[in-house]
């Protein structure tokens, strides 16, 4: 179930030609399942042009039902 899909305000860096704001996508899985995440700019930030500053790197986070949190890298086993 999609809980949120929004602009990640303030994530785009500073300047006229900044790196660009990212997005927030929050899903709730209602049963046990597997998923594939297709994402970019997790290690290198989106670059700015003509003096614009880079944006912030994104992250993938898994929040379990019990409240425990895992920062997901490029592999989840």
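The values are calculated or read from the model by the stated rules, or taken from the named source; none is laboratory data. Here the structure is a predicted model, which is why all the values come from computation and not from measurement. In this analysis, Cβ positions are derived from the backbone assuming ideal geometry, glycine residues included, and neighbour counts consider all displayed protein chains.
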| query | Restricting the search to region 40-58, which residues are within 17 Å of residue 71 (Cβ to Cβ), out of contact with any strand residue (DSSP E or B) (no Cβ under 6 Å at 6 or more places or on another chain) and surrounded by 10 or more Cβ atoms within 10 Å (Cβ to Cβ)? | reply | 40, 41, 42, 45, 56, 57
| query | Taking region 1-12 as the search range and keeping residues that are under 15 Å from the mean Cα position of the chain (by Cα) and assigned to a loop (DSSP other than H, G, I, E, B), which one is surrounded by the fewest Cβ atoms within 10 Å (Cβ to Cβ)? | reply | 9
| note | When every residue in region 13-36 that is surrounded by 13 or more Cβ atoms within 10 Å (Cβ to Cβ) and within 12 Å of the chain's Cα centre (by Cα) is compared, the one farthest from residue 72 (Cα to Cα) is 21
| task | Please find, within region 58-70, the residue that is modelled with the highest pLDDT out of those that are more than 11 Å from the chain's Cα centre (by Cα) and part of a strand (DSSP E or B). | result | 69
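Just to verify a result, which residue in region 13-38, among those that are in a loop (DSSP other than H, G, I, E, B) and in contact with a strand residue (DSSP E or B) (Cβ under 6 Å, 6 or more places away or on another chain), is modelled with the highest pLDDT?
Taking the candidates together, the pick is 28.
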